[in-house]
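The values are calculated or read from the model by the stated rules, or taken from the named source; none is laboratory data. This one's a predicted model, so the numbers in the text were calculated from it and none came from an experiment. Note that each Cβ is placed from the backbone with ideal geometry, even for glycine, and that neighbours are counted across all protein chains shown. Protein only, heavy atoms only, side chains kept; ligands, DNA and RNA dropped before computing areas. Shrake-Rupley method; radii C 1.70, N 1.55, O 1.52, S 1.80 Å.
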Amino acid sequence: FNVADNLGEWFGVSSPLFHFVASVPVLFSILLPWIWYGVARAVRERNAVSPRDGGGYMLEPLTLAVVTTAIYSLPGHKEYRFLFPILPLGYLYAAKGLLSHVGPLPTPACLSGVLGDDHPDGTSKKDDDARPFPMPPEAAGRLMGGNASKARDSGGGSSSSRRSIPKALPRPQLAWRRVLAFLIAANLPVALYLALLHQSGVVKVMSYLRESASRHQVSSIGFLMPCHSTPFYSHFHHGLPMWFLSCDPYLKETPAELHRWEAQEFEEDPVGFMSLNLISPQNAQGISGSPDARYWPSHLVFFDNKSGVIRDYLKDRGYKECARFFNSLWLPDARRQGDVVVYCGPVTKASDS
């Protein structure tokens with residue numbers, strides 16, 4: 001679908017550089033400077049250590065992330081979520097950058113006696129920050145092909161054999177608590193807005209409809225919105241009929257220039273679409289059960305940017321506004337602007353499907 005026929009382009013086409021200039025900054029946000037710093041330190045340390053001593057592994061996560069991003073940049077249709085698999089790789093270098101800049105995270109006093117001052121094999125924890133990615137000596141030995149353990153065995157665990165990787169460069173004296181305070185202060189407002197306000201209306205409206213259905217005030221629901229704008233039965237939990245505007249992609253069954261979908265037709269002419277495609281159950285003789293039938297429901301849901309166009313038409317059919325929910329301060333999609341509005345009409349039989 002997306003590769004052989006490239007049909008994903010029906011849902012939008014982005015620049016080949018979209019993931020590099022848009023997706024990566026959005027996904028990592030304020031951690032991006034630490035990621036670049038961590039990458040720079042990994043490159044510097046790789047050049048200081050020969051590949052046979054394990055220097056190559058420092059850039060393997062970076063290589064994997066770049067190759068993955070490049071592969072997902074080939075199709076025309078791109079979305080931020082396609083790059084979710086590289087998030088752990090970016091966080092790895094962000095941790096590297098923070099550790100290199102700030103220093104090791106201090107051990108809490110309540111754990112100092114439990115963790116001790118040395119590793120179980122006798123190596124000092126003071127040497128940890130000399131490693132490119134702080135890790136137990138056993139793991140470092142495996143990544144370095146066993147050279148570290150051989151060096152300890154032959155040299156009696158001398159510090160010179162354990163310090164084949166040069167010490168990190170001097171770091172600014174930036175306290176961890178200041179870094180953590182900055183990260184929390186920068187992320188908390190954004191997290192609260194995204195969790196509590198951004199696109200909250202499309203979820204709250206389903207809770208409202210579910211509760212109304214529990215009081216037998218809903219018999220059917222229609223969503224005059226771009227397809228998949230709201231949750232569906234996963235949030236509704238009632239067996240009442242619901243429908244939404246389709247957005248089927250072009251499947252080569254008709255000429256591409258003739259392919260249309262309901263969501264597109266509604267955007268171009270909302271009143272005309274409803275006049276031609278929505279029917280009353282009592283006027284549905286001979287077409288009842290048709291998969292393309294769209295019956296006038298007891299409740300209609302749409303974005304407020306369509307209210308000015310269809311309000312009068314709906315009032316003429318006996319509908320009136322019965323609920324409104326704030327959705328978002330801003331959305332890049334012009335079709336989803338404004339509050340989520342619910343119009344209630346005459347309650348029809350629940351069998352209207």
| said: So the check is Cβ under 8 Å with 6+ separation or different chains; which pairs have a first residue in segment 229-247 that's touching a residue at least 12 places away in the same chain (Cβ under 8 Å) and at positive phi and a second one that's open to solvent by 30 Å² or more (accessible area, probe 1.4 Å) and outside any loop (DSSP other than H, G, I, E, B)? | reply: His237/Arg210
| remark: Checked against (1) open to solvent by 80 Å² or more (accessible area, probe 1.4 Å); (2) in a helix (DSSP H, G or I), Gln217 satisfies every condition except (2)
| said: As an exercise: evaluate Phe232 against (1) surrounded by 17 or more Cβ atoms within 10 Å (Cβ to Cβ); (2) among the aromatic types (Phe, Trp, Tyr); (3) more than 18 Å from Arg335 (Cα to Cα) and give the number of the one condition it does not meet. | reply: (1)
| query | What about Leu209, is it surrounded by 11 or more Cβ atoms within 10 Å (Cβ to Cβ) and either of a type in the set (Ser, Thr, Tyr) or free of Cβ contacts under 8 Å to residues at least 40 places away in the same chain (or both)? | reply | no
| remark: Selection over segment 249-278 where residues are modelled with pLDDT of 85 or more and not in a helix (DSSP H, G or I) yields a count of 2
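For the condition open to solvent by less than 40 Å² (accessible area, probe 1.4 Å), under 21 Å from Ala334 (Cα atoms) and within 25 Å of the chain's Cα centre (by Cα), what is the one hit in Leu194, Leu245?
Values: Leu194 fails: open to solvent by less than 40 Å² (accessible area, probe 1.4 Å).
That would be Leu245, the only listed residue that is open to solvent by less than 40 Å² (accessible area, probe 1.4 Å), under 21 Å from Ala334 (Cα atoms) and within 25 Å of the chain's Cα centre (by Cα).
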| note | The residue that is surrounded by the fewest Cβ atoms within 10 Å (Cβ to Cβ), considering only those in segment 1-20 that are aliphatic (A, V, I, L, M) and at pLDDT below 90, is Ala4
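Taking segment 9-23 as the region of interest, how many residues are touching a residue at least 60 places away in the same chain (Cβ under 8 Å), in a helix (DSSP H, G or I) and not aromatic (Phe, Trp, Tyr)? Working first, answer last.
Keep residues of segment 9-23 that are touching a residue at least 60 places away in the same chain (Cβ under 8 Å), which gives 9-14, 18-19, 23.
This time we only want the ones that are in a helix (DSSP H, G or I), so: 9-11, 18-19, 23.
Okay, now just the ones that are also not aromatic (Phe, Trp, Tyr), so 9, 19, 23.
Residues that pass the stated criteria total 3.
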| request: Would you be able to tell me the number of residues in segment 82-101 that are of a type in the set (Lys, Arg) and closer than 18 Å to Ala22 by Cβ? | output: 0
